[in-house]
Every structure is written in structure tokens, then in C-alpha cells.
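Worksheet: one structure, shown below.
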Amino acid sequence: MVGQSVFKFSALFVAISLAMSMIEVHAAEVVDDESSVALTQVVVTAKRQNPTSEHTKAYTVKKSSSATKMDMSLKETPQTVNVMTRQQMDDFGLNSARSALALSSGVVVQNQETDRTSYASRGSEISNFQVDGVGIPYDGYNYQSGDIDTYLYDRIDVVKGANGLISSLGDPGATVNFIRKRPTSDVQASGGISYGSWNTKRVEGDISGKLNDSGSVRGRLTAAAEKGNSYLDHYSHQKTLFSGVLEADLTDSTLLTLGHYEQRNQPQGNNWGALPLLNTSGQQLSYARSTNPVPDWVKWDKSTKNSFIELKQKFIGDWELKGSFSHIQNQENSALVYYYGAPDTNGPGVGILPSLYDGKESQQLADINLKGTYPLFGQRHDLVLGYSWSKDVQKQTSAYTADAPTFDWYTWDGQFAMPSFSYGNTAGTTADYHTMLRSVYVATRLHLTDDLRLLVGLNHTEADSSGNNYGAPMDYHRSKSMPYAGITYNLTPNYTVYTSYSTIFRPQSQLDTSGQMIAPIEGKAYEAGVKGSWLNNRLTGSVALFKTRQDNYPLRASDSASIIKRYFVGDLESQGFEVNLAGKITDDINLIAGYTQVRMIDALTDIRTRTYLPNRMFNLLTTYQFPQLPALKVGAGVSWQDKTSQDITGTAYIGSTVVPYAGTIRQGSYALLNLMTSYDINSHVKVQFNGANVTNKKYLNSFPDGSGYYGAPANYTLSLKFNY
């Protein structure tokens with residue numbers, strides 16, 4: 001392993017040296033041009049060139065580097081990229097990643113529990129999450145615990161399809177990139193207070209500006225706090241967050257950024273697992289929307305601290321060297337109850353598992369990359385190359401009890417005294433493992449003609465894991481070289497056609513039904529489509545066709561009360577199409593809209609699988625500002641999904657009798673409607689009213705493992721916002 005790491009660093013050094021020689025050759029060409037009467041002064045600056053979405057107040061962005069680390073227009077990026085801008089999040093009160101991604105085209109938000117979420121796109125779970133283009137270490141699981149607040153971010157980019165080129169893992173669902181707010185040269189300040197349904201209160205503030213007369217040092221402070229009850233029985237939540245970012249122009253070409261943010265979630269009465277949705281006869285159960293049978297002592301505290309440093313160095317021409325390092329510390333303390341089994345017609349059959357958990361997770365991630373353009377055959381071409389490294393260390397201890405109550409499910413309210421727990425120190429009661437990723441990547445975009453461009457690249461990734469996770473070994477070493485290719489051709493100034501090929505690779509720590517670790521997911525992904533821009537690039541759209549094949553995919557977890565699930569494995573094929581539109585259609589109307597259709601089958605049986613994910617989805621967000629009364633804005637958001645279902649088999653325990661059961665959970669198609677209106681009292685004060693699920697639709701959040709709970713009924717928020 002040491003020799004391999006040295007080889008990779010050497011290869012990176014050679015590549016950087018080659019790229020630097022290109023810079024020197026280009027500089028020499030400028031100096032040796034004898035036809036020049038005088039040398040032109042070269043000014044190099046490290047300041048950001050692309051405006052942030054909070055300043056444009058638009059529903060789209062012109063460029064994004066989330067797909068390739070190259071600043072490319074969305075139209076010439078050979079993959080689908082959906083953007084949730086700051087303005088969209090502000091207009092519709094999307095204060096959490098859950099609510100923001102739920103209105104992003106083609107993303108399925110799976111709220112299996114109140115405080116743990118997984119996301120899916122194009123039939124696959126999303127496991128690639130980034131902050132400012134640097135991947136959060138992958139721990140082998142796809143869910144996120146806690147409620148990620150969006151107030152710290154300028155926008156969220158969702159790159160659809162496999163993105164192994166620069167994200168280390170080629171997962172074909174999507175890559176979600178959270179892009180931080182950064183300090184501004186001009187002094188600006190904003191804040192707000194709000195009050196909503198279930199006594200939900202929120203306060204937030206954001207101040208930014210230069211810290212010295214020249215503006216070479218800039219800072220930004222952002223903070224928010226929220227507290228409220230819920231439509232769910234016994235459930236309440238509280239969260240606080242803080243961010244501080246400092247920028248300094250060390251020279252005209254050197255930019256140093258330091259930052260730190262913290263978020264703490266303190267829910268009470270949260271569920272772990274959820275409500276059993278079948279009885280022992282296989283019939284689907286229905287509950288009141290507020291049903292949440294957990295004792296009042298249940299909690300799941302989580303804190304996240306993230307410190308980062310970033311250095312950008314500009315060179316002659318447009319070359320830039322960027323290095324970053326982040327340290328993330330997650331800490332959890334929870335007291336939970338888990339329901340398993342199924343009730344019979346009289347009530348017995350559901351068991352309860354009370355548990356305590358103490359966990360610490362340390363994540364470190366680094367990335368260094370060089371990018372710029374070089375001349376060849378009369379054209380200038382783009383190049384990026386880099387090295388990324390991440391390490392994730394997980395430590396968790398659990399405590400169980402034999403003092404669990406027995407009850408009749410149909411009359412049970414979940415209340416019982418907190419029992420005595422005992423912590424164990426065996427493999428079945430602890431998790432202690434670490435995972436490490438190392439990647440070398442290189443990509444170039446060749447401008448074959450003024451309209452035809454070829455993007456080719458390669459990422460070589462090594463993934464290592466060692467340790468134990470509640471009795472399951474976490475030892476593996478996996479590696480994969482992942483090629484990437486994409487072609488774009490500008491048919492006209494307004495229309496571009498494209499196609500791309502990606503490699504799929506994702507190591508796994510899950511166990512199959514025989515208790516063996518599942519081999520890595522491997523496969524291929526294809527995408528082709530056409531993109532357009534209109535109205536001076538204020539409105540963009542795309543139509544994309546996609547197809548993926550993934551071998552060794554964990555199609556569904558078997559029903560079990562144990563912490564470590566066993567998975568049925570198959571080969572997953574998915575194909576479909578997406579249609580997207582974003583931007584301004586008039587001076588007064590902003591919108592994003594998207595329709596996604598996907599078909600997923602088990603390639604070994606040719607049977608439709610993952611049926612708990614919708615086959616068809618539609619999303620729309622739009623606002624209208626009255627020309628006659630520009631202070632008034634109104635808007636609507638619609639999300640619709642097709643019917644879903646899931647076949648479930650399991651066992652229940654009624655006394656000493658083991659009762660097998662089987663059935664199908666079904667949910668019809670449904671739509672949720674959100675509304676907003678705002679009024680500018682003056683140039684500094686705005687009042688805003690938001691309504692979510694205003695038709696009061698009753699629906700299940702998600703049920704991949706046979707349990708679930710209902711989404712929120714109609715709820716409303718009144719806000720007062722300030723800006724300077």
C-alpha cells in the first residue's frame with residue numbers, strides 16, 4: 001500500500017509538472033512575440049469570477065463545476081445538472097436538505113424515520129454528498145442522520161447519473177453538492193424571524209463584508225436557531241447552527257479561506273424504524289396521521305462540527321492550483337425504541353427493542369487539484385487533474401435491556417418508564433471501524449472545433465475498510481479505474497446535443513442473506529440528450545435519456561429485528577428520461593420544472609424491482625411578481641409522484657409461537673401543493689407567508705422495510721425578513 005501511494009503521488013507530481021510546463025510555454029510565447037511593441041501587463045487575481053446565486057436572485061446559474069471541477073456552462077455539461085438556488089430556498093422556506101431536495105427534479109426523499117433520511121434518483125440511492133465539491137467520506141451506508149439546515153449554503157447542485165470522475169465513487173443516482181455562502185466585499189446583512197404551525201419558532205441572521213479598508217480581508221457570520229413541536233404525538237425538535245468564514249487575499253493571486261461551522265439537532269420523541277404497516281394476515285394497516293407510539297424519554301442528539309482551510313493560487317493565464325482540507329466531527333447520543341414484527345388481529349405480535357447509543361465519528365478529507373487551459377492545434381483546451389483523500393473513523397457503543405414491556409398493539413400508546421440498560425463490550429454491541437478513500441483523477445475537454453467538444457477522463461480509486469460493525473466484519477480492500485467520456489455539439493447558439501459514458505463502482509459493507517459481505521457494485525451508465533437556452537440565457541432546458549446496469553445491487557433488506565440487515569442481491573437495470581426547465585420565462589415569472597420517468601428491473605429475473613420508489617415524478621416551483629405592484633410576489637410549488645408498493649415477508653412472535661406473514665404495502669399516486677406570498681414593506685423589510693401541503697393530503701413517507709409513518713398535514717409559516 002505504501003508503494004502504491006508513492007506511485008500515485010509521483011504520477012500526480014508528473015502530471016502537475018507537465019501542466020505547469022504548459023503554463024511556462026504559454027508565458028514564453030507571450031514574452032517572445034517580437035511583433036509586440038511593448039509587453040502587456042499581466043494581472044492575476046484569485047477572486048471568484050462567477051456570481052453567487054444569492055446575488056443574482058435567479059432560479060438557475062450560468063456555470064457549475066460540480067460535474068467535472070471545470071467551470072462549464074450547464075448547457076455544455078454532458079450530464080443533467082439541477083440547481084436549487086438561494087432564491088428558491090428563500091421563496092419557499094426550504095430550510096432543510098429534506099425539503100429542498102424533495103422539490104428538486106427527480107430526487108426521491110425517503111423519510112423512513114423522523115431524523116434519518118436517504119435519497120434516491122434514477123432508481124438508485126444517492127451516496128455521493130459533497131461540500132464545495134469535496135466529497136464527504138463514505139461509510140458504507142446511504143442514510144443521513146439529523147436535519148441538515150440549508151441556511152449556510154448558497155445553492156445545492158444535483159449532478160444526475162454516475163459521477164465517479166471527480167467524486168471517487170461512481171454511483172449512478174446523483175451527486176449532491178452543497179455550496180457554502182462565502183464572504184462578500186460589500187457589507188451586507190440579513191435576518192429573519194418566523195412562527196409556524198405546531199408552535200415552530202425560528203430566528204436567523206447573516207452578516208458579511210470587508211474587515212479592513214482595502215477589502216483584502218473579508219468575513220461572514222451566519223447563525224440560526226429553530227424550535228417546535230410536531231403533528232406527531234410526543235415529537236418535538238430543536239436545532240442551532242453557526243458558521244464563520246474568513247477570506248484573505250495574501251497576494252493579488254493567492255486566496256486563503258478559513259471556516260468553521262457547527263450544527264446541533266436535539267429531537268425528542270423521534271421514531272427509530274417506524275410503524276409496522278402489515279398485520280400477520282398480510283393486510284395493510286392504517287393509522288391516524290399523528291400516531292407515534294414512543295415514550296417521552298426517547299431522544300437522538302447529534303452535533304456536527306466542521307473546520308476547513310482552502311488555498312487558491314492563480315498563475316499566468318487561467319491556471320489555478322487549489323488545495324483544501326476539512327475535519328468533521330460528529331457526535332451522537334440517543335435513547336431509542338424500535339418496533340419489529342406484525343400484530344395479529346387481536347393485537348399481539350409486535351416486539352419492542354429499547355436501546356441506548358453513544359457514537360463518535362471523525363472525518364478528514366483533502367483535495368488538491370490543478371486546472372486551466374492549454375493550446376493545441378489552434379484551439380485552447382481545458383484540463384483538470386488532482387488527488388483526493390478521505391478517512392472516516394466510526395466508534396459506537398450500544399446498551400440493551402431485557403426489561404421490555406409486552407402490549408396490545410392496537411391500544412398501546414408507547415409510554416413506559418425508561419428501563420435499566422447495560423453497556424456491552426462485545427462485537428455484537430459495538431461498532432469500531434474506519435474507511436479510507438484515495439483517488440487520482442484527470443480530465444481534459446478537447447475543443448475539436450468551435451462547436452464540437454470531447455471530454456475524457458479517468459479516476460483511479462482505492463477504498464479500504466477495517467474493523468467491526470455490531471458483529472459484522474468491515475474488512476475489505478477495493479480498487480477501480482473508472483473511465484469517463486462525454487461529447488457535446490452546439491447545433492445552434494441555442495441548442496446543444498450531448499452524450500456521456502460513466503463507470504459505476506461502489507464498495508459495500510452490507511451482508512447478503514448468507515451473511516457474506518456483498519461484492520462492490522459495478523456497472524455502466526449512459527446518458528444522451530439535448531439542452532437549450534433562450535431569452536439571453538435566462539431560461540434553460542434539457543431532455544435526457546439514461547440507462548444504467550449495476551451488478552451486485554442490494555435490492556431489499558430482509559425483515560429482522562437485528563441492527564445488521566441481510567440483503568437480497570441482484571443485478572439492477574434502470575432506464576428512463578428526464579425533462580427539465582429552469583429560469584425566467586418573463587421578467588416577472590421565475591420557475592423550475594421537471595418530469596422524470598424511470599423503469600427498474602432485476603436483470604436476472606426481468607421482474608420490476610424497488611417498487612417502493614416511484615416510476616414517475618413531476619416537480620414545479622414558480623413565482624410571479626406583479627408588474628403593477630412589484631413589492632408583491634406570489635408562488636406555487638407542486639410535487640407529484642406515481643403509485644408505489646412493496647412486497648414484504650417477515651415473522652412475528654405471539655407468545656412462544658413464530659408466525660410468518662407476507663403482504664403488499666401500497667400507496668396511490670399523490671400530489672403536494674405548496675404556496676407562498678411575500679410583500680416588501682420597504683427596501684429593507686419583507687413579510688412572507690408560506691403554506692405546505694395546503695390540500696392536507698395524507699400520505700406515507702416511505703416504506704422500503706415494511707414500516708413507515710405519515711407526512712406532515714397542511715402547515716403554515718409567517719416570516720418577517722430584514723436585509724441591509
* Nearest-20 debye value, the chain charge dipole, Cβ charges on Lys, Arg, Asp, Glu -> 960
* How large is ³J(HN,Hα) for each residue in region 149-161, as worked out from phi by the Karplus curve 6.51 cos²θ - 1.76 cosθ + 1.60 (θ = phi - 60°), to whole Hz, x for Gly and Pro? -> 7, 8, 5, 7, 10, 7, 6, 10, 9, 10, 8, 7, x
* Asked: Mind ordering 714-720, 238-244, 496-502, 74-80 by average Cβ neighbours within 10 Å, highest first?
  -> 74-80, 496-502, 238-244, 714-720
* Asked: In Å, what is the Rg of the alpha-carbon atoms in region 584-724, and how long is Dmax?
  -> 21.8, 74
* Least to most buried among Ile126, Ile193, Ile328 (fewest other Cβ within 10 Å first) -> Ile193, Ile328, Ile126
* Taking the Cα centre of each part, how many Å lie between region 302-361 and region 624-702? -> 24
* Work the Kirkwood hydrodynamic radius out for region 467-509: mean of 1/r over every pair of different alpha-carbon atoms, inverted, in Å. => 14.3
* Structure fact -> The ratio Rg/Rh over the Cα atoms of region 319-431, Rh being the Kirkwood inverse mean 1/r radius, stands at 1.36
* To do: Show me 503-509, 615-621 ranked by packing, highest mean number of other Cβ atoms within 10 Å first.
  => 503-509, 615-621
* **Gap separating the Cα centres of region 175-249 and region 415-469, nearest whole Å** => 28
* Structure fact -> Per principal axis, largest first, the Cα atoms of region 294-382 extend in Å by 80, 30, 15
* **In region 430-471, chymotrypsin sites (Phe, Trp or Tyr not before Pro) in a DSSP loop with at most 10 other beta-carbon atoms within 10 Å** => none
* Note down the relative contact order for the chain as a percent, whole number, built from C-alpha pairs under 8 angstrom at least six residues apart. => 12
* Asked: Would you list Val176, Val442 from fewest to most Cβ contacts within 10 Å?
  -> Val442, Val176
* Asked: Any idea what the relative contact order of region 477-522 is, in percent, if you count C-alpha pairs under 8 Å spaced at least 6 apart?
  -> 31
* Computed over the Cα atoms of the chain, what is the ratio Rg over Rh, Rh following Kirkwood? -> 0.97
* Asked: Say each of Ile316 and Ala593 gets a label point 7 Å from the Cα, pointing the same way as Cα to Cβ; how far apart are those two points in nm?
  -> 5.2
* Asked: At what distance in nm do the modelled label points of Val634 and Gln284 sit from each other, each positioned 7 Å from its Cα along Cα→Cβ?
  -> 3.6
* Tilt relative to the chain, helix 2-31 - C-alpha long axis, 0 to 90 degrees, to 10 -> 30
* Measure out, as a whole number of angstrom, how far apart the alpha-carbon centroids of region 257-284 and region 480-540 sit. => 31
* Asked: By average Cβ neighbour count within 10 Å, what is the ranking of 374-387, 330-343 from highest down?
  -> 330-343, 374-387
* **Integer Hz, Karplus 6.51/-1.76/1.60 couplings in order for region 203-210, x for Gly and Pro** => 9, 8, x, 8, 9, 8, x, 6
* Determine the principal axes of the Cα atoms in region 616-687, then give the extent along each, sorted from largest to smallest and rounded to whole angstroms. => 71, 28, 11
* Structure fact -> Rh_Kirkwood(region 89-187) over Cα pairs, Å, one decimal, evaluates to 14.0
* **Largest-first ellipsoid semi-axes for region 544-657, taking √(5λ) over the Cα gyration tensor eigenvalues, angstrom** => 43, 21, 10
* Mean residue ellipticity at 222 nm from the helices of the chain, using -39,500 (n - 2.57) per DSSP H segment of n ≥ 4 over the full residue count, to the nearest 500 deg cm²/dmol? -> -2000 deg cm²/dmol
* Asked: What does a probe at Thr586 reach in region 608-640, counting residues whose amide N is under 11 Å from the point 7 Å along Cα→Cβ?
  -> 624-628
* To do: Name the residue farthest towards the positive end of the dipole of the chain from the options Tyr470, Val456, Gly486, assuming +1 on Cβ of Lys and Arg, -1 on Cβ of Asp and Glu, about the Cα centre.
  => Gly486
* Label points 7 Å out from Cα along the Cβ direction at Thr426 and Gln510: separation in nm? -> 2.7
* What are the residues whose amide H is under 5 Å from the amide H of Asn128, where those residues sit 5 or more places off or on another chain and H is modelled from the backbone? -> Ala174, Val176
* Structure fact -> Cα-Cα longer than 31 Å, checked against Lys181/Lys360; Lys57/Lys160; Lys57/Lys480, kept in input order, equals Lys57/Lys480
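Values in this text are rule-based calculations from the coordinates and carry no lab data. This structure is a prediction, so every number in the text was calculated from the model and none was measured. With ideal geometry, Cβ positions are generated from the backbone for all residues, glycine too; neighbour counts draw on all protein chains shown.
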